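Data block below; observations after.
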């Protein structure tokens, strides 16, 4: 028996000209068994190690260079499954949209070749689920229920297929989860996936000790895009207390000559450190080299203006 949410997902998929049967099966497996999927993807399951070993043997047998092939596969994976860092205020705006939204061709904002549309249907339909990355770890960060699935058909699909690990929440409850995670020092990512109809479907609240995407990014797979901002230090206000540094999930902060210093190359502009500086010595600055911020209100306004003209 096909559940209503599966049928809705399939109906949405049929409208996409480039969405194959394989893409549908991939998306179904990802949503149906997300905890197994992520455990394999993050290397926490024996199957992932077996697959990696088998792939290496196949590549070597046919004369390929396993390292080059692995790098190519990693880049391809990042193109189809990736996150955009969003500061707290923008994450709150994403979960408080009151109307359906269709915004395509976001290459400047989402710098990947695939999975870069924002199509929100029933954006007030929000489900919170236990984080698959945290669930795959032996000693996960808490709480577990911090992944926000937004809009249809995704919210309904997760709720029907993960009834023991997911629940429907209001937009106000989603905002509170975001604020609490920000207080814990966790980073908000808007996630996109090609198998999830090639578009935005979730906001995850991530820590670098559990998050598979953050760990992959740190190890050279470019799965995360900067918010478009960097944090800078106001030297005259910084007292070198280092209270902000434990909250930097991207390891971009250090203490030099008694003052905090930001490695702007590493900084992804999440803003978590800013909210944990009692002396107001940290501030956001737009950095064109880091890309364009994902600002949902501005994107909606631009889409309306474009369609009207």
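Remarks
- Across the chain, Cα pairs under 8 Å and at least six residues apart give a relative contact order of 20 percent.
- Highest mobility in the GNM of the chain, judged by mean-square fluctuation with C-alpha springs under 10 Å and restricted to 162, 215, 99, is found for 99.
- Mean Cα-pair separation over length for segment 144-214, i.e. relative contact order, pairs under 8 Å, 6 or more apart, %: 34 percent
- Based on alpha-carbon atoms, the Kirkwood radius and the radius of gyration of segment 229-289 give Rg/Rh equal to 0.91.
- The per residue volume of the convex hull around the alpha-carbon atoms of the chain is 161 Å³.
- As a length-normalised measure over Cα pairs under 8 Å and 6 or more apart, the relative contact order of segment 229-289 settles at 49 percent.
Every read-out reported here was derived from the displayed coordinates using simple, explicitly stated rules and does not represent laboratory data. If you're wondering where the values come from, they're calculated on a predicted model, not measured in any experiment.
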